[in-house]
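The values are calculated or read from the model by the stated rules, or taken from the named source; none is laboratory data. Computed from a predicted structure; not experimentally measured. Positions of Cβ are generated from backbone atoms using ideal geometry, with glycine treated the same way; all protein chains shown enter the neighbour counts.
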Amino acid sequence: MREKVVHACESCALREQLVQMGVRVDRFDYVLALAGNPNTGKSTLFNALTGLRQHTGNWTGKTVARMEGAFEFNGKRYKIVDLPGTYSLLSASVDEEVARDFVLFANPDAVIVVVDATALERNLNLVLQVLEITDRVVVCLNLIDEAERKGIEVDHRALSRELGVPVVPTAARQGVGLGLLVQTVAELVQGRLRTSPRRVKVDARVEQALAELVPLLRQVYPDLPNARWVAMRLLDGDYNVRRALESGDLLRLARREAHDQELEQARAQAVSILSLAQRLQRQLEGTFRDRMVESLYAEAEAIAQKVVRRKGERRWDWDQRLDRILTSRVWGLPIMGLLLMGVFWTTIQGANVISDLLATALFWVEAQGSALFRALGAPWWLTGFVWHGVYRGLAWVVSVMLPPMAIFFPIFTILEDMGYLPRVAFNMDRFFKKAGAHGKQALTMAMGLGCNAAGVVATRIINSPRERLIAILTNNFMPCNGRWPLLITMSTLFVAASFPPAFAAAVAAGALVLVVLIGVVTTFVVSAVLSRTILKGEASSFTLELPPYRKPNVLAVLYTSLIDRTLVVLWRAVVMAAPAGGVIWLLANIHAGGQSLSQWISGWLDPVGRAIGLDGVVLLAYIIAIPANEIVVPTIIMTYLGAGMMTELESLNDLRRLLVDQHGWTTMTAINLMLFSLLHNPCSTTILTIWRETKSAKWAWLGALLPLSIAFGVLLLLNSIVRALQ
Amino acid sequence: MLDNSVLLVVLLLLLLIFAPQQGVYARWRQKQWLRSRAAMEDALMHLHQREHSGRLASVESLAGALGVSTRLASMLVQRMEAQGLLQVTAGGLNLTPEGHRLAIQVVRAHRLFERYLAYETSVSPAEVHELAHRLEHSLTPQQVEQLDAYMGHPLSDPHGDPIPTASGEMPEIEGQSLVDFPIGTPAQIVHVEDEPPHVYAQIVAEGLRPGMVVRVLERSPTRLVLESDTDEHVLAPVVAANITVREAPQEKLALEGERLSALEPGEKATVLRIDDACQGLTRRRFLDLGITPGAHVEVVMRSAFGDPVAYRVRDTLIALRREQADWIWVRRDGNGTTPHRTQGEDDGEVTNGK
C-alpha cells in the first residue's frame, strides 16, 4: 500500500479552493481530509497511512498545527490533510473553525472521519455534522481492538446502513483494516461508490425556520450542494459563512467559475437572505445551537442504540483502578513528584554524558577549522570572527541545549501519550483555578523547564483563550535548561560553600529546588494578577478530557518529539546563537582607547548593575545572551579575563579565584544573579515564539518587559533592604 | 522682592491654567468633552430612558446623570439642539425623530456589548454595566452588526432589557414588579434593573437573574421572602421593586432537579438542562461534549484536592470544576439501574424535560 511518491505532475487539475487554503496540490490526484474527535487514534492512522512523508506547519493565520502527508495507491497519488481533532464543527474554538472551513470551503475529494468505537455516541455527533456538509465521506471505525477488550461490539454494517456512507473497522495501531480503508476511499473518490448520507432530523421549530431559508438559498445558488447546512450555519450566526455569502465566495464554491454579473447578483441577494436569517434567528430566541446539538445527539443516541452491543460489566475496570491511585488524595502528589524527579534526574545525568562528548567533538572541529584558516593564510580577524566568534557561539549553544532536550521531550511525550499528563492537570487544577489559570498550565510549566519556547508552543493544549495567554506570558518564570548551568554553578560555588562540606551537595540541590519554587510562586502571583486585570476581557472556559490510558507508541513518539519539539527549537536557537557569537567576538576584539568595546560597555552599565547588586559585566553578558541564555557564564568569564573569546575555566577553584578574589563577588552577588536569571526576560527565541503563537506584538512585548521589570524590581527591593540592614 | 513677585506671577499663571471649572485646561477639557461622541451618546441614552419611563428629562436631570455641572449640561443641550437631535419644550427635553433614531442605536450598542461582555468574556457581572458604558462609544456601526450576528441576534441583554433591532424596533418587556406579584404563583424573572448599582449588586449577590423561576413565599412592608430552585432569598421591598416578573410559562415549571455538583462519586444522573445563565463559550463547550437534556452522567472521581471532579458523559471522562458543574441541572437515577429517557427521540420536539 505504501508506494513511493511519484513526482512532477505536469497537468494537474486546478483546484482553486484548496490552493487558497494553502494546500499544495500540484503533484496529487486526490486530496483527502482526516477529521475526528481528539484521542481517537487519528494521528496514529495518519502516521500509518503516510509513513514519514509528512509535513508539519500551521494553518494560515492560525496557531493550529497542520499536518499533511501523502501516499500512493494503485498508481494514484493522494494527499491527506490532518484536520485538528474536534468534538464538533459548530465552531466553539479556532480548531473547530479551521476544520469546518476546510471541509466546507476547500472541497476535498473525500473526508475520512475517524471515530472511537468505544465512545460511538459522542463521535457520531461529528460524523452527522460532516454528513450535512458533504456526501463524500468514509467513516473509519477505529480502536476496535480496545472496544473488544472493553466488551463493546459495534455492528459496522448496520452503522454503514444507518449513516448511508461506507464504514471500515480498523485498529490503526496494529495496521488492521487500513488496506480496506484505502480501497474504499479510492472507490469513493473515483465515483465507483455511491453514498446517501443521513441527514439529521432537527426539532420542529428549527425545521420550520429551515423550510423558509433553504428554498431562498437554493433559488440564489442552484448548484450549492449543502444549502441546508449553510442555512443552519446562518441560523447559528456563523460569521465566516455570513461573510462568504456577502463576498460571493459561496457562489464560487457552488460553481467553479462564476461570471462577474452573477457574482454581482448573488451579492445583492445576500442581503435579503441575511435579513431573513436574522428574522428567523430572533424567532428562535437564541436557542438554535441548543436545539441543533440536542437533535444531533438524539440522533447519535438512536443510531448507537441500534448498532452497539455491550457485553459484561467489567469494561472500565483497569482504567478506573489506575485512576483511583493516580488521582488519590494520598498517592496522587507523591507519584507525580517522583515521576517528575525521575524525568529530571534522567535528563540531567544523560545530558551530562552526551554534552561532554558533543562539546569535545564540536570544539575539536573549531581547532581544526581555525588551524586550516591559518594555514591558508587567512587574516587573524577572519579566523577569529568565523571560528572563535560565530562557530564557537553556535557550538556552545548546541552542546548545552541539544542533549537535555533530546532526552526530556521524548520522555515527556511518552507520558503524554500514555494519558498520564492529563491526570497531572486534573490533580493540579485546584491551585491554578485560584490564580485564574488552567490546570494544563502545570504541563506547559514542566515543559518550560526544558525550554521556554517549547513551553509556549505547548500552551496550544489549553483550549480557553484567557488561560492560554496566562500560560504563555508566565512560562518564562520556569528556568529553562539554558539557565540551569548558571544556577547550578552559583549554588555549588557560593550557597553550598558557606556550609560544611558534608552538607554541600544537599544544600546546592536544595538551593536549586528553592529557585524553582520561587519561580512557581512567581508564576502563580503573576497569573492571578494578569487574570484579574488586563486579561479579564478574554473568554474563559474549563473542560479537561481524561483520555483512557494507552500503551505509548514509542517509535512515533520519538519521531514526533524529535521533529516537532527538539529540532524546531534547536534550529531557531542556532539561527539566534550564531550571530550572537559573532557579536561577542567583535565586542571583545575591537579596541578603542586601550579598552575593548565590551569593557567600555560594561563600564557604562556598571552603575545600573551595582544598583541591583550585580555589575556591568553581568548586565552586558545578559544583553548579549538575549538570543541564548547558555552563553551568559562564558561571556562573563571572557570579559573578566579580558580574553578574546568565550571561555570556561577548568576547575571551580579557578572560577572562585576569578569571581571572589579578583572581582569581589559575595554570596549575595550569587543570590542576585540566580534571581535575575530566574526572573529576567525570556530569550529572543521565546519572545519570537510568543509573537507567533499570539499573533500580536502587544503580547510579545508584554511577555518580554513584564519579567524584566519584575526582575529589576525584586532585585532593587532586595538590595535596598540588605543595604539598610547592614 | 524680585523673587517673590516672580513666584506670584508663576502662581497666577498656574491658577489661570489649572483652576477647576474656569481654568484654561479645564475649559479645554470641557470643550473636548462637549464635542465627544461619549457625551452626546450618554445624553441621548438618558433622554431616551426618561422618555421611556414617562417623564421628560431636564437640564438638571441630564447634568445629574452625566455627572457634570448644569452649565456644561446646558451647553451640551444647546449643541444637540443645533444639530437637530432634541427640542427644548416647557415640559422638558424632547428627542426629535432623528435624535430618537440615534438614541435607539446607542441603546442597541450598549445592550449588545453588555451581553457580549457578560457571556463571552471573564468580566464579572457587577462590572459589566460600567465597562460596557465606557467602551460602547468606540464601536463602529459595522462592529455592532458583527457583534449582533456573532451572538445570533439576541433579544435581550443580561438584565433582561430588550435589544432594539438594527432597524430600530424595540420589543416591549411585559411583566409586573415582583413587589405586587401574587404569593405562591410561580414567577419567571424577565428583567433586573441595573441602576442604582448598589441595589443591583445585592440582586446579583442573591444570584437572581432573568430567566429564573421564583415563588413569593411571604410579604410584609419590610421584607419579601422568595424561593428559587435551591435557595431562599430575603429582599427589601426597594430591591424587589427593581425586579420585573411574569407568570412562569408551562415549560419552565417542571424544573425540579439538582445541580450536578451536589452528586457524590459513584452516583449516576440524567441531565435536565444547562442553566439559562450559562451562555457563551462554556455553554457551547458543554453542548459539544454531549451534555444535553437526557444525557446520562456518572460521577467518577474527585481529583487529589477535591476539585475538579471527573464525570463520564457519553463514554468519555470529562473533568469539570465545581462552578461549572453548578450550571448543569440533573435528576438522580434510582439506584443507577435502567435510566429512563425523558421522551422519545423521534417526535422532533426536544425541548426541556416536560
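Among the residues of region A:575-591, are any β-branched (Val, Ile, Thr), more than 14 Å from every other protein chain (Cβ to nearest Cβ), surrounded by fewer than 17 Cβ atoms within 10 Å (Cβ to Cβ) and not in a helix (DSSP H, G or I)?
yes
Name every residue in region B:47-93 that is under 29 Å from the mean Cα position of the chain (by Cα) and of a type in the set (D, E, K, R), in order of residue number.
Matches in region B:47-93: B:ARG50, B:GLU51, B:ARG55, B:GLU60.
Just a yes or no: is a residue in region A:547-556 hydrophobic (A, V, I, L, M, F, W, C) and crowded, with 19+ Cβ neighbours inside 10 Å? Working first, answer last.
Quick first cut of region A:547-556, residues hydrophobic (A, V, I, L, M, F, W, C) only: A:554-556.
If we keep only those that are crowded, with 19+ Cβ neighbours inside 10 Å as well, we get none.
No, because not a single residue in region A:547-556 is hydrophobic (A, V, I, L, M, F, W, C) and crowded, with 19+ Cβ neighbours inside 10 Å.
Restricted to region A:647-672, and to residues that are more than 34 Å from the chain's Cα centre (by Cα) and among the aliphatic types (A, V, I, L, M), which residue is farthest from A:GLY581 (Cα to Cα)? Break it down stepwise before answering.
In the first step, residues of region A:647-672 are kept if they are more than 34 Å from the chain's Cα centre (by Cα); the result is A:647-670.
Add one more test, that the residue is among the aliphatic types (A, V, I, L, M), and what stays is A:649, A:652, A:655, A:658-660, A:668, A:670.
Numbers: A:LEU649: 18, A:LEU652: 24, A:LEU655: 22, A:LEU658: 23, A:LEU659: 23, A:VAL660: 27, A:MET668: 30, A:ALA670: 25 Å.
So, considering only residues that are more than 34 Å from the chain's Cα centre (by Cα) and among the aliphatic types (A, V, I, L, M), the one farthest from A:GLY581 (Cα to Cα) is A:MET668.
Any residue in region A:177-204 that's within 14 Å of chain B (Cβ to nearest Cβ): show its pairings with residues that are small (Gly, Ala, Ser) and surrounded by fewer than 16 Cβ atoms within 10 Å (Cβ to Cβ) at Cβ separation under 8 Å, as long as the two are six or more apart or on different chains.
Between residues of region A:177-204 that are within 14 Å of chain B (Cβ to nearest Cβ) and residues that are small (Gly, Ala, Ser) and surrounded by fewer than 16 Cβ atoms within 10 Å (Cβ to Cβ), the close pairs are A:ARG198/A:GLY164; A:LYS201/B:GLY348; A:VAL202/B:GLY348; A:ASP203/B:GLY348; A:ALA204/B:GLY348.
Name every residue in region A:500-512 that is loosely packed, with under 11 Cβ neighbours inside 10 Å and assigned to a helix (DSSP H, G or I), in order of residue number.
Looking only at region A:500-512, we keep the residues that are loosely packed, with under 11 Cβ neighbours inside 10 Å, and these are A:500-502.
Across region A:500-512, the qualifying residues are A:PRO501, A:ALA502.
Of the residues that sit in region A:431-448 and are outside any helix (DSSP H, G or I) and more than 11 Å from chain B (Cβ to nearest Cβ), which one is farthest from A:THR522 (Cα to Cα)? Outline the logic, then answer.
Residues of region A:431-448 outside any helix (DSSP H, G or I): A:435-440.
The next check asks that each one be more than 11 Å from chain B (Cβ to nearest Cβ); those that pass are A:435, A:437.
Numbers: A:ALA435: 11, A:ALA437: 13 Å.
Residue satisfying both the conditions and the ranking: A:ALA437.
What are the residues in region A:673-696 that are aliphatic (A, V, I, L, M) and either under 19 Å from the mean Cα position of the chain (by Cα) or on the phi > 0 side of the Ramachandran plot (or both), if any?
Quick first cut of region A:673-696, residues aliphatic (A, V, I, L, M) only: A:673-675, A:678-679, A:687-688, A:690.
Within region A:673-696, A:ILE687, A:LEU688, A:ILE690 meet the criteria.
Being surrounded by fewer than 20 Cβ atoms within 10 Å (Cβ to Cβ), at the interface with chain A (Cβ under 7 Å from one of its Cβ atoms) and either hydroxyl-bearing (Ser, Thr, Tyr) or in contact with a Gly (Cβ under 9 Å, 6 or more places away or on another chain) (or both) is the filter here, so list the residues in region B:295-320 that pass it.
B:PHE305
Being out of contact with any helix residue (DSSP H, G or I) (no Cβ under 6 Å at 6 or more places or on another chain), within 14 Å of another protein chain (Cβ to nearest Cβ) and of a type outside the set (S, T, N, Q) is the requirement here; does A:GLU148 meet it? Walk me through how you get there before you give the answer.
On the way: out of contact with any helix residue (DSSP H, G or I) (no Cβ under 6 Å at 6 or more places or on another chain): yes; within 14 Å of another protein chain (Cβ to nearest Cβ): no; of a type outside the set (S, T, N, Q): yes.
Against the criterion (out of contact with any helix residue (DSSP H, G or I) (no Cβ under 6 Å at 6 or more places or on another chain), within 14 Å of another protein chain (Cβ to nearest Cβ) and of a type outside the set (S, T, N, Q)), A:GLU148 does not qualify.
Could you list, in sequence order, all residues of region A:269-294 that are under 18 Å from A:VAL241 (Cβ atoms), assigned to a helix (DSSP H, G or I), more than 7 Å from chain B (Cβ to nearest Cβ) and not charged (D, E, K, R)?
If the condition is that a residue be under 18 Å from A:VAL241 (Cβ atoms), assigned to a helix (DSSP H, G or I), more than 7 Å from chain B (Cβ to nearest Cβ) and not charged (D, E, K, R), then A:GLN269, A:ALA270, A:VAL271, A:SER272, A:ILE273, A:LEU274, A:SER275, A:LEU276, A:ALA277, A:LEU280, A:MET292 are the ones that fit.
Quick check: anything in region B:256-274 small (Gly, Ala, Ser), modelled with pLDDT under 90 and crowded, with 18+ Cβ neighbours inside 10 Å?
Yes, region B:256-274 contains a residue that is small (Gly, Ala, Ser), modelled with pLDDT under 90 and crowded, with 18+ Cβ neighbours inside 10 Å.
Which numbered condition trips up A:ARG122, out of (1) within 21 Å of B:GLY290 (Cα to Cα); (2) surrounded by fewer than 21 Cβ atoms within 10 Å (Cβ to Cβ); (3) among the charged types (D, E, K, R)?
(2)
Exactly one condition in (1) within 22 Å of B:SER303 (Cβ to Cβ); (2) of a type outside the set (Val, Ile, Thr); (3) touching a helix residue (DSSP H, G or I) at 6+ places or on another chain (Cβ under 6 Å); (4) in a helix (DSSP H, G or I) is false for A:PHE524; which is it?
Here A:PHE524 meets the rest and fails (3).
Do we have B:MET170 as more than 10 Å from chain A (Cβ to nearest Cβ) and either in contact (Cβ under 8 Å) with a residue 24 or more places away in the chain or touching a Lys or Arg at 6+ places or on another chain (Cβ under 7 Å) (or both) here? Spell out the reasoning first.
Working: more than 10 Å from chain A (Cβ to nearest Cβ): yes; either in contact (Cβ under 8 Å) with a residue 24 or more places away in the chain or touching a Lys or Arg at 6+ places or on another chain (Cβ under 7 Å) (or both): yes.
Yes.
Going by the conditions given, is A:VAL130 outside any strand (DSSP E or B), more than 23 Å from the chain's Cα centre (by Cα) and among the aliphatic types (A, V, I, L, M)?
Numbers: outside any strand (DSSP E or B): yes; more than 23 Å from the chain's Cα centre (by Cα): yes; among the aliphatic types (A, V, I, L, M): yes.
Judged against the criteria, A:VAL130 is a match.
Which residue, of B:LEU155, B:LEU117, B:LEU85, is without any contact (Cβ under 8 Å) to a residue 60 or more places away in the chain and touching a Gly at 6+ places or on another chain (Cβ under 6 Å)? First the steps, then the outcome.
Details: B:LEU155 fails: touching a Gly at 6+ places or on another chain (Cβ under 6 Å); B:LEU117 fails: touching a Gly at 6+ places or on another chain (Cβ under 6 Å).
Matching residue, one of B:LEU155, B:LEU117, B:LEU85: B:LEU85.
Only one residue in B:GLY54, B:GLY67, B:GLY91, B:GLY99 is touching a residue at least 40 places away in the same chain (Cβ under 8 Å) and not charged (D, E, K, R), so which one is that? Step through it out loud before you land on a result.
On the way: B:GLY54 fails: touching a residue at least 40 places away in the same chain (Cβ under 8 Å); B:GLY67 fails: touching a residue at least 40 places away in the same chain (Cβ under 8 Å); B:GLY91 fails: touching a residue at least 40 places away in the same chain (Cβ under 8 Å).
When all the criteria are applied, what remains is B:GLY99.
Could you list, ordered by first residue, the pairs with Cβ atoms under 7 Å in which the first is in region A:525-552 and more than 8 Å from every other protein chain (Cβ to nearest Cβ) and within 26 Å of A:PHE477 (Cβ to Cβ) and the second is part of a loop (DSSP other than H, G, I, E, B) and not charged (D, E, K, R), at least 6 apart or interchain?
A:SER527/A:ALA435; A:SER527/A:GLY436; A:SER527/A:ALA437; A:ALA528/A:ALA435; A:ALA528/A:GLY436; A:ARG532/A:GLY436
Just checking, does region A:203-215 include any residue being more than 21 Å from B:PRO154 (Cβ to Cβ) and surrounded by 15 or more Cβ atoms within 10 Å (Cβ to Cβ)? Show your work before the answer.
At the first step, the residues of region A:203-215 found to be more than 21 Å from B:PRO154 (Cβ to Cβ) are A:204, A:207, A:211, A:214-215.
With surrounded by 15 or more Cβ atoms within 10 Å (Cβ to Cβ) added as a condition, the list becomes A:214.
So far as region A:203-215 goes, yes, one or more of its residues are more than 21 Å from B:PRO154 (Cβ to Cβ) and surrounded by 15 or more Cβ atoms within 10 Å (Cβ to Cβ).
Quick check: anything in region A:315-333 in contact with a Gly (Cβ under 7 Å, 6 or more places away or on another chain), outside the structural domain of A:GLY419 (by TED's automatic domain parsing) and not charged (D, E, K, R)? Spell out the reasoning first.
Keep residues of region A:315-333 that are in contact with a Gly (Cβ under 7 Å, 6 or more places away or on another chain), which gives A:315, A:326.
Right, trim to outside the structural domain of A:GLY419 (by TED's automatic domain parsing) and you get A:315, A:326.
Add one more test, that the residue is not charged (D, E, K, R), and what stays is A:326.
Taking every residue of region A:315-333 in turn, at least one turns out to be in contact with a Gly (Cβ under 7 Å, 6 or more places away or on another chain), outside the structural domain of A:GLY419 (by TED's automatic domain parsing) and not charged (D, E, K, R).
Any residue that is in a loop (DSSP other than H, G, I, E, B), facing chain B (nearest Cβ under 10 Å) and in contact (Cβ under 8 Å) with a residue 60 or more places away in the chain - is there at least one of those in region A:325-341? It would help to see each step written out before you state the result.
Step one: list which residues in region A:325-341 are in a loop (DSSP other than H, G, I, E, B), which gives A:327-331.
When the remaining residues are screened for being facing chain B (nearest Cβ under 10 Å), the result is A:327-331.
If we keep only those that are in contact (Cβ under 8 Å) with a residue 60 or more places away in the chain too, we end up with A:327.
Scanning region A:325-341 turns up at least one residue that is in a loop (DSSP other than H, G, I, E, B), facing chain B (nearest Cβ under 10 Å) and in contact (Cβ under 8 Å) with a residue 60 or more places away in the chain.
Name the pairs: first residue in region A:454-466 and polar (S, T, N, Q), second residue in a helix (DSSP H, G or I), Cβ to Cβ under 6 Å, at least 6 apart or on different chains?
Sorted first by the residue in region A:454-466, then by its partner, the pairs are A:THR459/A:THR444; A:THR459/A:ARG468; A:THR459/A:ALA471; A:THR459/A:ILE472.
Pick from A:ILE470, A:ILE411, A:ILE407, A:ILE461: which is assigned by TED's automatic domain parsing to the domain that holds A:VAL343 and surrounded by 23 or more Cβ atoms within 10 Å (Cβ to Cβ)? Before the answer, list the steps.
Numbers: A:ILE411 fails: surrounded by 23 or more Cβ atoms within 10 Å (Cβ to Cβ); A:ILE407 fails: surrounded by 23 or more Cβ atoms within 10 Å (Cβ to Cβ); A:ILE461 fails: surrounded by 23 or more Cβ atoms within 10 Å (Cβ to Cβ).
Testing whether each residue is assigned by TED's automatic domain parsing to the domain that holds A:VAL343 and surrounded by 23 or more Cβ atoms within 10 Å (Cβ to Cβ) leaves just A:ILE470.
If we scan region B:38-50, do we find a residue that is farther than 29 Å from B:GLU145 by Cα, of a type in the set (Gly, Ala, Ser) and surrounded by fewer than 20 Cβ atoms within 10 Å (Cβ to Cβ)? Reasoning before the result, please.
First, pick out the residues of region B:38-50 that are farther than 29 Å from B:GLU145 by Cα: none.
No, that holds for no residue.
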